[in-house]
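Before any comments, here is the structure.
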Amino acid sequence: MKKSTDYMDIPCPPPYEEINREAFRSLNAEHFEGMLVDVTKFLNQRFSLSYSTLMGPMEIPSQYAEIIKIPAAHYAFGANFMHPKLMLFGRVLNDGRVDAGVKCALSDNLSMNADAQLTSQPHMSNGKFNIDYKGTDYRTRFKFGNGAMLGASYIQSVTPHLSLGGELVWAGEDRESNISYGARYNTDKMVAVGQITNTGNVALSYVQKVSEKVSLASDFIYNYFSRDVTASVGYDYINRQCRLRGKIDSNGCTSAFVEEWLDNGLKVILSAEVDHKKKDYKFGFGFKVGE
């Protein structure tokens, strides 16, 4: 006999902005080019310092088809405070930028977070502030940002596997609005997501969990107005000491990203991205300590 659905006991969905998080994590690794060193020093259980440097080429605009790269180095120093109800983040970059963030749990259901990036360049600093409320089977978020930006999102579980939601964002300075609607269907073995926006974008993603270690992912993005189409397929392999991700898209770009966990908190990273259409080849090697 088929078990009836208890609509008073359905799960709370992820935030609307994260309904395709499984596909995004599998298909969008943090690729880089050059040499990366990332060190985190824990001073105690709650406070830590971080240092990061990336030595590699920087792309500059060019009127020609080929990509121009010049040697560059980027440094960043950060401090983090972690508490179950309060998290603080701060980072200073060598070009003068300052990134800061705070996330605070006001109650079991209500939380707020704010992020800001300050720079010496005129009109380039930005900030945003979010208020999140988590219900038993729904989530909602209100957003405020510079440029007179206002936004709100809502997502509701309608069955144990299906969630429906939407988002509205108003940019006051540009007098533009963005509206999107989304649906998420997930089980223990798969996640399927569809989104449509008033700008003409139709985005579909699908993740199939082949086993406890292997997942296959794909996405499809179509713009009704420009008729542009982009599709990609990839994989995500995780075991006890290694994570391997790779993908290929319809533009001829192929990438792979490997993370290997060694002893004493050391992680070795290999990154490779080959764009045959643009004849752009990026390779990176790095390691992280203290994570």
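The values are calculated or read from the model by the stated rules, or taken from the named source; none is laboratory data. This is a predicted model, so every value here is computed, not measured. Virtual Cβ from ideal backbone geometry, glycine too; neighbours counted across all protein chains shown.
Quick check: anything in the range 160-174 closer than 30 Å to ARG91 by Cβ, over 18 Å from the mean Cα position of the chain (by Cα) and acidic (Asp, Glu)? Scanning the range 160-174 turns up at least one residue that is closer than 30 Å to ARG91 by Cβ, over 18 Å from the mean Cα position of the chain (by Cα) and acidic (Asp, Glu). Checking each residue in the range 222-279 for being under 20 Å from VAL210 (Cβ atoms), assigned to a strand (DSSP E or B) and among the basic types (Lys, Arg) picks out ARG243, ARG245, LYS247. Consider SER163 carefully, then state whether it is modelled with pLDDT of 95 or more and within 13 Å of PHE24 (Cα to Cα). So SER163 does not fit the description; no. If only residues of the range 192-215 that are without any contact (Cβ under 8 Å) to a residue 24 or more places away in the chain, within 22 Å of SER163 (Cβ to Cβ) and among the hydrophobic types (A, V, I, L, M, F, W, C) are counted, the one that is surrounded by the fewest Cβ atoms within 10 Å (Cβ to Cβ) is VAL202. Being free of Cβ contacts under 8 Å to residues at least 60 places away in the same chain and surrounded by 14 or more Cβ atoms within 10 Å (Cβ to Cβ) is the filter here, so list the residues in the range 217-229 that pass it. Hits for the range 217-229 are PHE220, ILE221, TYR222, ASN223.
Residues in the range 155-172: is at least one outside any strand (DSSP E or B) and within 22 Å of ILE131 (Cα to Cα)? Yes, some residue in the range 155-172 is outside any strand (DSSP E or B) and within 22 Å of ILE131 (Cα to Cα). The residue that is modelled with the highest pLDDT, counting only those in the range 196-215 that are within 22 Å of ARG245 (Cβ to Cβ) and out of contact with any Asp or Glu (no Cβ under 8 Å at 6 or more places or on another chain), is GLN208. Out of the residues in the range 96-107 meeting the condition of being surrounded by fewer than 14 Cβ atoms within 10 Å (Cβ to Cβ) and without any contact (Cβ under 8 Å) to a residue 24 or more places away in the chain, tell me which one is nearest to LYS128 (Cα to Cα). The residue in question is LEU106. Within the range 132-151, being part of a strand (DSSP E or B) and closer than 23 Å to ILE10 by Cα holds for ASP132, TYR133, LYS134, TYR138, ARG139, THR140, ARG141. Exactly one residue among GLY127, GLY135, GLY165 is in contact (Cβ under 8 Å) with a residue 40 or more places away in the chain and either surrounded by 17 or more Cβ atoms within 10 Å (Cβ to Cβ) or over 28 Å from SER205 (Cβ atoms) (or both), and that residue is GLY165.
Could you tell me whether any residue of the range 180-187 is of a type in the set (S, T, N, Q), more than 26 Å from ALA114 (Cβ to Cβ) and not in a strand (DSSP E or B)? Yes, the range 180-187 has at least one match.
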